[in-house]
Amino acid sequence: MKKILTIAAMVLCSTMAFSQQVASRAKAMRMMNFGREEYMIKDIKVYTDTMTVYSLSNYVIYPFGEWESMEQYITDNQLHWYRESGYRSYFDSMEVSVNRMKRLDDSYLDMFYSIWTRKVELLGGRINDPEIVLANGIHVGMSKDDVFRVFFKKYPKSYTSDVAVLKVISGAGEVAEIYTFKGTRLRHVKIETAYNYY
């Protein structure tokens, strides 16, 4: 009898997991229809409390805009940054100068000037400061609805109510913006890259 109950419980759990997976995929497919054209959303995945959006937009690679020098970025945003310079390995044979721009609340951006793109490239960062605004207007402290409205024209609010993390990933997967919510507010933004500069 115990064996039968165990098998029945396992079948029930696997059926529930499969139905949740189907529901998540259906939700993701429906959200794709609401994506804004400028973000060129190619796929969405929903897993538990995380929604991952794959975008072909150049914005994902340059969330703070495109700059020709770090000085230009610092001057334009008019925030006080503490700047640390150092070097990181590039393909195990070269050293690249990387600047860490820091704020007093532990917000930081790791940037370097690329001789290939002739632009400032972002290696990573974490934003806790509401005064730091991304190029699309997102900043810490915004409501979850306002953040989602940046990427989607409209959507059923029930689709995002249980989302605690929104990941926006570039098409090739080299840059990820991770928006973490606490309740209905954006708590912090993290930027991760898969560039070979480590």
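The values are calculated or read from the model by the stated rules, or taken from the named source; none is laboratory data. The structure displayed is predicted, hence computed values, not measured ones. When we count neighbours, we look across all protein chains shown, and the Cβ atoms used for this are built from the backbone with ideal geometry, even at glycine. Protein only, heavy atoms only, side chains kept; ligands, DNA and RNA dropped before computing areas. Shrake-Rupley method; radii C 1.70, N 1.55, O 1.52, S 1.80 Å.
Would you point out which residue out of Phe152, Phe112 is closer than 30 Å to Glu68 by Cβ and among the aromatic types (Phe, Trp, Tyr)?
Phe112
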(request) Considering every residue within the stretch 55-74, establish whether at least one is buried (at least 16 other Cβ atoms within 10 Å of the Cβ), more than 15 Å from the chain's Cα centre (by Cα), among the hydroxyl-bearing types (Ser, Thr, Tyr) and within 30 Å of Asp146 (Cα to Cα). (result) yes
(message) Can you tell me which residue is nearest to Asn99 (Cα to Cα) among those in the stretch 140-191 that are open to solvent by 80 Å² or more (accessible area, probe 1.4 Å) and touching a Gly at 6+ places or on another chain (Cβ under 8 Å)?
(response) Arg185
(request) Read through the list (1) modelled with pLDDT of 85 or more; (2) of a type outside the set (A, V, I, L, M, F, W, C); (3) surrounded by fewer than 17 Cβ atoms within 10 Å (Cβ to Cβ), then give the number of the only condition that Tyr87 fails. (result) (1)
(message) If I filter the stretch 45-53 for residues that are open to solvent by 30 Å² or more (accessible area, probe 1.4 Å), assigned to a loop (DSSP other than H, G, I, E, B) and modelled with pLDDT of 90 or more, do I get at least one hit?
(response) yes
(request) Scan (1) free of Cβ contacts under 8 Å to residues at least 24 places away in the same chain; (2) loosely packed, with under 12 Cβ neighbours inside 10 Å for the single condition Asp110 breaks and write down its number. (result) (2)
(message) Quick check on the stretch 167-194: of everything there that is in contact with a Phe, Trp or Tyr (Cβ under 9 Å, 6 or more places away or on another chain) and in a loop (DSSP other than H, G, I, E, B), which residue is farthest from Leu109 (Cα to Cα)?
(response) Gly171
(request) Filter the helices (runs of 4 or more DSSP H) completely within the stretch 58-166 down to those with at least 1 residues that are under 26 Å from Ala28 (Cβ atoms) and among the acidic types (Asp, Glu). (result) 144-151
(message) Could you check the stretch 41-53 and list, in sequence order, the residues that are closer than 16 Å to Gly173 by Cβ, in contact (Cβ under 8 Å) with a residue 60 or more places away in the chain and over 13 Å from the mean Cα position of the chain (by Cα)?
(response) Ile41, Lys42
